[in-house]
Amino acid sequence: MIALLFDIVGMTGTFLVVGAFFLLQLGKASPEGLLYNVMNLSGAILLLISLCYNFNLASFVIELFWIAASLIGLYKYIKSKRTLVVN
């Protein structure tokens, strides 16, 4: 039963990451936008959680980089919104 729970968490993460990429390719999301970066960050975190049950070093490392990239994107998004408010 616990394996199924981790599989569901991991598949949800996969759908979020792949869904963000599809939205980007369809022109429905911007790489600098909130939606794209939040979907990527959430998906990567869920995939990382699922890796706690079924560990794979290569997948773990790529998810860490995916989280870092998403956090950079969110930082840039927030910074650009603050700049617009100040100006």
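With each label modelled as a point 7 angstrom along the Cα→C-beta vector, the LEU71-ILE2 pair spans 2.8 nm.
Within the stretch 8-44, what residues put their amide N at less than 19 Å from the label point 7 Å along the Cα-to-Cβ vector of LYS79? Taking a point 7 Å out along Cα→Cβ of LYS79, the residues of the stretch 8-44 whose backbone N falls under 19 Å are 30-38, 41. Solvent-accessible area assigned to carbon and sulfur over the chain amounts to 74 percent, based on a 1.4 Å probe. In the full protein context, the stretch 1-60 carries 64 Å² of accessible surface per residue, based on a 1.4 Å probe and ignoring ligands, DNA and RNA. Sorting 52-65, 32-45 by average packing, meaning the other beta carbons within 10 Å per residue, from highest down gives 32-45, 52-65.
Each helix, a run of at least 4 DSSP H residues, gives -39500 (n - 2.57); summed and divided by the residues of the chain, these come to -29000 deg cm²/dmol at 222 nm. Here's the picture: a label point sits 7 Å out from the Cα of ASN54 along the beta-carbon direction, and within the stretch 1-24 the residues with their amide nitrogen under 20 Å of it are 1-19. For the stretch 1-60, the normalised intensity computed at q = 0.20, 0.23, 0.28, 0.29 Å⁻¹ comes to -0.70, -0.83, -1.02, -1.06 (log10 of I(q)/I(0), Debye sum over alpha carbons, equal scatterers, no solvent).
Only four residue types carry charge here, +1 at the Cβ of Lys and Arg and -1 at the Cβ of Asp and Glu. Report the dipole size of the chain about the Cα centre in Debye, rounded to the nearest 20. If you can, show how the numbers build up before the last one.
Details: 5 positive and 3 negative charges, 89 e Å.
In debye, rounded to 20, the chain gives about 420.
Near ILE49: Cβ cut-off under 14 Å, other residues only, Lys/Arg at +1 and Asp/Glu at -1. The net charge is -2. Tilt of helix 2-25 relative to the longest C-alpha principal axis of the chain, in degrees (0 to 90, nearest 10)? Value to nearest ten degrees: 30.
The values are calculated or read from the model by the stated rules, or taken from the named source; none is laboratory data. In this text, all values refer to a predicted model and were calculated from it rather than measured experimentally. Heads up, the Cβs are rebuilt from the backbone with ideal geometry, glycines too, and the neighbour counts pull from every protein chain shown. The protein model used for the area step is the full one, side chains on, heavy atoms only, and it has no ligands, DNA or RNA in it. Shrake-Rupley method; radii C 1.70, N 1.55, O 1.52, S 1.80 Å.
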